[in-house]
Amino acid sequence: FRRCKEANVKGIFGYPSSVEEVAKKYRISLERANWIIVRYGSLENFVNFYKQRKNEIKDDVIKESLRTLFDLDF
């Protein structure tokens, strides 16, 4: 059970503990935390990507939600 959970099988196994830790620490949904980790590898990579390319992001809703979820400008 634990190996399936940590392998990000999802379903009845849930999310890996790394996703749960990020979601809890930053008070975001498990789905959003999983999306960040799957897409960017880690929260640090996500923050670095955002800092480097924040002017290229066109969707204002996404930009605003990123700014309110994480204090990325400091």
Residue 24 to residue 44: extension gain in nm, 0.36 nm per residue of separation minus the Cα-Cα distance? 5.6 nm
Heavy-atom accessible area ranking, 1.4 Å probe, most first, across 42, 29: 29, 42
For residue 35 and residue 4, FRET efficiency with R0 = 22 Å and r from the beta-carbon atoms, rounded to 0.05? 0.65
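The values are calculated or read from the model by the stated rules, or taken from the named source; none is laboratory data. These numbers come from a predicted model, not from an experiment. Don't worry about glycine lacking a Cβ; one is built from the backbone with ideal geometry, like all the others, and counts go over all protein chains shown. Side chains are part of the model used for accessible areas, which takes the heavy atoms of the whole protein and leaves out ligands, DNA and RNA. Shrake-Rupley method; radii C 1.70, N 1.55, O 1.52, S 1.80 Å.
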